[in-house]
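Trainee: Sharing a structure with you now.
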Amino acid sequence: MNKISLFFLIQIGLVALLSNAMGQSNPYTVTVNISGRIDTTEKNTRDIYYLFKNYLESRPDSLYDNPYWNNKEKRERQSGNPAIFYTPLYEYNISPKRIFNTWKPFILSIEKLELNKYKIRVALIKDEAEPDKILTILNLNAIRDNGNWVLENTFHDIVKSWESVNYKYINYVYPKSHSFNQILAQKSIDFCDSIKKVLDIKLNDTFSFYLSDNPDEMGLLFGYEFYYLNYTTGLTTKWLNQIFSAKGNEFYPHEFMHIILKGIGNDSRNYLIEEGLACFLGEFNTPRYKSRISKLSKDYLVNKPTYDLESLVLNKAENNGYQSAYPTGSIIAEIIYESRGYSGIIELCKADTRKSEDILRIIYKITGLNKKGLVKKFREKLILYGS
């Protein structure tokens, strides 16, 4: 079969009729389109195409010994997902089958970098005529591992040329263009120590802080050549003790909080409570903190449908361009602090809030408020921040 014939078979989704080059049986199929510049008559290129396709069909969201990923990174990333790019996809809380049927993979290029190493560039694209058609452009490597082609993050290709400084228990890693600021590094240590003291946390783990100047530069660390998926200025990989920052400096208290909170009820917190605590303890009274709550205030105080306290806590509020969990969790933390001080915050940290349905009951218990009283306090806070 020549290159052009194979290209059109793939384009119309008939590639599933072709034999699976790696002999694996997968539970669902993903249509992977390719650019006409890719020569699929070349054996390595064809094998790498099937490697990527098989990987997408192998439940890449699941934590197991995935045969399509290299062993070194599976060891490095411990019990977590070895694919750095997949971490933000968990935010969608939907299956990979649905993700890759909605945002269809289009391989832009498969280029040889060196013997036994190729770079794959993939766009995730929607078919529908929408303003945001591209979710991301993803960079991955394909390398030989024990004679087989397997996938690899591009992370180490980037950071191997970066500088690093161990400052007490923080390992800062940053581009050569950055000038390390020891004053801000010490400010970071002082902040972490002060929070651990008031929360009575003895844990003193070392952690890495990858410092970038902007979100696009940070996105490259995740493999995103075009960074739209989960576009943010900060991200923490708790199980690896890693912080990624796009703020261009050494101080990021919100992300520090995610590492610190590992020392107190680490696996039992709901996303809303985790982010609310990080905002309240790491950003209280800053313009960013106030801005988030002001946005929620505008929706809540006009009685917008689904913007009641219960819906917000259950994550059922209609999306209005911001993550309502952050300001909702922030106000909850404020109310608890004003009611019980740091002892109340510690109790919230330790409470099992994994089920959203349990959060309000736990808040009632900590504060002594009933439903009517909590709703009243919540509304008063929003009026204050909205004025």
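Values in this text are rule-based calculations from the coordinates and carry no lab data. Owing to the predicted nature of the structure, the values given are computational and were not obtained by experimental measurement. Virtual Cβ from ideal backbone geometry, glycine too; neighbours counted across all protein chains shown.
Trainee: Below 27 Å, Cα to Cα, which lysines can LYS376 reach? Residues fewer than 8 away in the same chain don't count.
Mentor: LYS290, LYS295, LYS298, LYS304, LYS316, LYS350, LYS355, LYS365
Trainee: Counting other C-beta atoms within 10 Å, which of GLU163, GLU128, GLU73 has the fewest, and how do the rest follow?
Mentor: Lowest to highest Cβ neighbour count: GLU128, GLU163, GLU73.
Trainee: Relative to the Cα centre, what is the charge dipole magnitude of segment 173-260, using +1 at the beta carbon of each Lys and Arg, -1 at the beta carbon of each Asp and Glu, and rounding to the nearest 20 debye?
Mentor: So the magnitude is around 240 debye.
Trainee: For the residues LYS376, LYS97, what sequence is obtained by ranking on other C-beta atoms within 10 Å, fewest first?
Mentor: If I rank by nearby Cβ atoms, fewest first, I get LYS376, LYS97.
Trainee: With +1 assigned to the C-beta of every Lys and Arg and -1 to the C-beta of every Asp and Glu, and no other charges, what is the dipole magnitude of segment 255-382 about the Cα centre in debye, to the nearest 20?
Mentor: 340 debye
Trainee: If you don't mind, there's one more thing I want to ask. Relative to the longest principal Cα axis of the chain, at what angle does helix 371-386 sit, 0 to 90 degrees, rounded to 10?
Mentor: Tilt of helix 371-386: around 80 degrees.
Trainee: Would you mind telling me which residue in GLY248, GLY234, GLY368 has the biggest mean-square fluctuation in a Gaussian network model of the chain, where springs connect alpha carbons within a distance under 10 angstrom?
Mentor: Of GLY248, GLY234, GLY368, the most mobile in the Gaussian network model is GLY368.
Trainee: To the nearest 10 degrees, how steeply does helix 182-198 sit against the main Cα axis of the chain, on a 0 to 90 scale?
Mentor: Here the helix axis deviates by roughly 60 degrees.
Trainee: Here is a further query. Using the Cα centre as the reference, give the magnitude of the dipole from point charges on the C-beta atoms of the chain (Lys, Arg: +1; Asp, Glu: -1; all else neutral), rounded to the nearest 20 debye.
Mentor: Once rounded to the nearest 20, the dipole reads 580 debye.
Trainee: Where a Cα-Cα gap under 20 Å defines reach, which aspartates and glutamates qualify for LYS112, not counting those fewer than 8 residues away within the same chain?
Mentor: Of all the aspartates and glutamates, those that pass the test against LYS112 - Cα under 20 Å, at least 8 places apart if same chain - are ASP39, GLU42, ASP47, ASP145, GLU152, ASP157, GLU225.
Trainee: By DSSP, what percent of the beta bridges with both residues in segment 34-177 are antiparallel, rounded to the nearest 5?
Mentor: In segment 34-177, DSSP labels about 95 percent of beta bridges as antiparallel.
Trainee: Between 0 and 90 degrees, rounded to the nearest ten: what's the tilt of helix 43-56 against the longest Cα principal axis of the chain?
Mentor: The angle comes out near 30 degrees.
Trainee: Return the percentage of antiparallel bridges among DSSP beta bridges fully within the chain, rounded to the nearest 5 %.
Mentor: 75 percent
Trainee: Just name one of THR154, ILE383, LEU89: the one whose Cα is farthest towards the positive end of the charge dipole of the chain (beta-carbon charges, Lys/Arg +1, Asp/Glu -1).
Mentor: ILE383
Trainee: What residue among HIS254, ALA325, SER35 has its Cα farthest toward the positive end of the dipole of the chain, where the charges are +1 on Lys, Arg and -1 on Asp, Glu, each on the Cβ?
Mentor: The Cα lying farthest towards the positive end belongs to ALA325.
Trainee: While we're looking at this one, here's another question. Go ahead and estimate [θ] at 222 nm for the chain from helices alone: -39,500 (n - 2.57) per DSSP H run with n ≥ 4, summed, over the residue count, rounded to 500.
Mentor: -12500 deg cm²/dmol
Trainee: Which whole-number percent gives the relative contact order of segment 142-207, counting Cα pairs below 8 Å spaced six or more residues apart?
Mentor: It comes to 24 percent, rounded to a whole number.
Trainee: Now for a different question. Of GLN242, GLY219, ASN285, which is farthest along the charge dipole of the chain in the positive direction, counting Lys and Arg as +1 and Asp and Glu as -1 at C-beta?
Mentor: ASN285
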